[in-house]
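These notes concern the structure reproduced below.
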Amino acid sequence: MQKVLVVLTNVDHYQGTTDLTGLWLGEAAEFVDEMTQAGIEVDYVSPQGGFVPLDPRSMKYADSAILKIYESADFKKRALTASLAPQDVNPADYSAIYYTGGHGVMWDFPDNSELQKIAMAIYHHHGYISSVCHGIAGLLNLKEDGQYLINGKNITGFTTSEEILAGKKSVVPFLNKKAAEDHGAHFRQKLAYRKYAIQDGRLITGQNPFSVRAVAKKLIAALKKPAALQTGK
C-alpha cells in the first residue's frame, strides 16, 4: 500500500497583522479526495504538529466534494486537530510528500529543517516531492549535494500577478517566482487562476488552488508506474 505525507501549516495570521490565514482547505481536501479514490493512503504533518488553522477565505470555495472530506471524522482529527509532528514521521513509510498552501506556509515551510530532511529522505528513496500554490515554499530551500533541488527544474506556484489580485503582495515575506528563480528554477506559469500543473522528474507542482486535482492526478499516475520507471530526477 502506497502512502503520501500531506504537509499543513500551523500559521494562523499574516505576520505583523491581525489578518487570519491558515491552510487553504481545498488544497488538502481535493488532494485527499483524489488519493482516496485511487486507493492511496495519506498521513498529515505540520511543522509543530497538532492544531492546523483554516484560512477563512477558503471556505467560500468549498464545494460538496471538499466539504465531504472536511466534515469527515478522520480529517477533523488527523489533519486539523492532531496532525503529526515531524519527529513522529518515518520517511520510509511514504512514496511521496505533498505540500499544501494557504499563505501561512510562507512563514513556517521554507526553513523547517525537519521537514526538509523528511522530504529529501523520501526523494532519495525514489519518491516524489509535490506541492500546490504557496506550498512551493516547502521546495524553495531543499538541497541535494549542496545544491538547491529546484535548480534547473521546471516548477510552478502562486504567481506574482495572482498575489496582486489576492491583495497580498505587500504583506507576503517573498514572491514565489523570484524566490524560485533566485535558486535556479525555471518558473513556469499560465494565466492567473487557471488550472496548471507540471512535472519535472520527481517534482510535481501546481500553480494555484484550482490546480490541486491536476497535481494529484499527475502524482497518482507517477506512483502507479512500475518501480523501474520511477527513478528519474
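The values are calculated or read from the model by the stated rules, or taken from the named source; none is laboratory data. Model, not experiment: these values are computed from the prediction. Positions of Cβ are backbone-derived with ideal geometry, glycine not excepted, and every protein chain shown enters the neighbour counts. SASA here: full protein model, heavy atoms, side chains in, ligands and nucleic acids out. Shrake-Rupley method; radii C 1.70, N 1.55, O 1.52, S 1.80 Å.
Which residues, counting only those in segment 193-233, are at pLDDT below 95 and among the hydrophobic types (A, V, I, L, M, F, W, C)?
Matches in segment 193-233: A227, A228, L229.
Please work out which residue is most open to solvent (accessible area, probe 1.4 Å), limiting yourself to segment 173-189 and to residues that are free of Cβ contacts under 8 Å to residues at least 24 places away in the same chain and under 19 Å from the mean Cα position of the chain (by Cα).
Of everything passing the filter in segment 173-189, K178 is most open to solvent (accessible area, probe 1.4 Å).
Filter segment 105-121 down to residues that are within 12 Å of the chain's Cα centre (by Cα) and assigned to a loop (DSSP other than H, G, I, E, B) and give me whichever is surrounded by the most Cβ atoms within 10 Å (Cβ to Cβ).
Of everything passing the filter in segment 105-121, F109 is surrounded by the most Cβ atoms within 10 Å (Cβ to Cβ).
When both residues are 6+ apart or on different chains and their Cβ atoms are under 8 Å apart, which pairs have a first residue that lies in segment 195-217 and is open to solvent by less than 20 Å² (accessible area, probe 1.4 Å), and a second that is at pLDDT below 95 and basic (K, R)?
Once the first residue is open to solvent by less than 20 Å² (accessible area, probe 1.4 Å) and sits in segment 195-217, its partners that are at pLDDT below 95 and basic (K, R) give R202/K233.
Any idea which residue in segment 75-92 is most open to solvent (accessible area, probe 1.4 Å), counting only those that are touching a helix residue (DSSP H, G or I) at 6+ places or on another chain (Cβ under 9 Å), in a helix (DSSP H, G or I) and more than 19 Å from I204 (Cα to Cα)?
Q87
Tell me which residues, restricted to segment 142-172, are open to solvent by 40 Å² or more (accessible area, probe 1.4 Å), touching a residue at least 40 places away in the same chain (Cβ under 8 Å) and within 18 Å of the chain's Cα centre (by Cα).
N154
Residue check: is V32 out of contact with any Leu (no Cβ under 6 Å at 6 or more places or on another chain), assigned to a strand (DSSP E or B), among the hydrophobic types (A, V, I, L, M, F, W, C) and on the phi < 0 side of the Ramachandran plot?
Against the criterion (out of contact with any Leu (no Cβ under 6 Å at 6 or more places or on another chain), assigned to a strand (DSSP E or B), among the hydrophobic types (A, V, I, L, M, F, W, C) and on the phi < 0 side of the Ramachandran plot), V32 does not qualify.
Would segment 17-27 turn up any residue that is of a type in the set (D, E, K, R), in contact (Cβ under 8 Å) with a residue 40 or more places away in the chain and crowded, with 19+ Cβ neighbours inside 10 Å?
yes
Determine if segment 39-47 includes at least one residue that is surrounded by fewer than 15 Cβ atoms within 10 Å (Cβ to Cβ), assigned to a loop (DSSP other than H, G, I, E, B) and small (G, A, S).
Checked segment 39-47: at least one residue is surrounded by fewer than 15 Cβ atoms within 10 Å (Cβ to Cβ), assigned to a loop (DSSP other than H, G, I, E, B) and small (G, A, S).
Can you go through S64, S113 and tell me which one is over 25 Å from Y128 (Cβ atoms) and free of Cβ contacts under 8 Å to residues at least 12 places away in the same chain?
Unique residue meeting the criteria: S64.
Quick one: which strands (runs of 3 or more DSSP E) lie wholly within segment 122-233 and hold at least 1 residues that are touching a His at 6+ places or on another chain (Cβ under 9 Å) and aliphatic (A, V, I, L, M)?
Answer list for segment 122-233: none.
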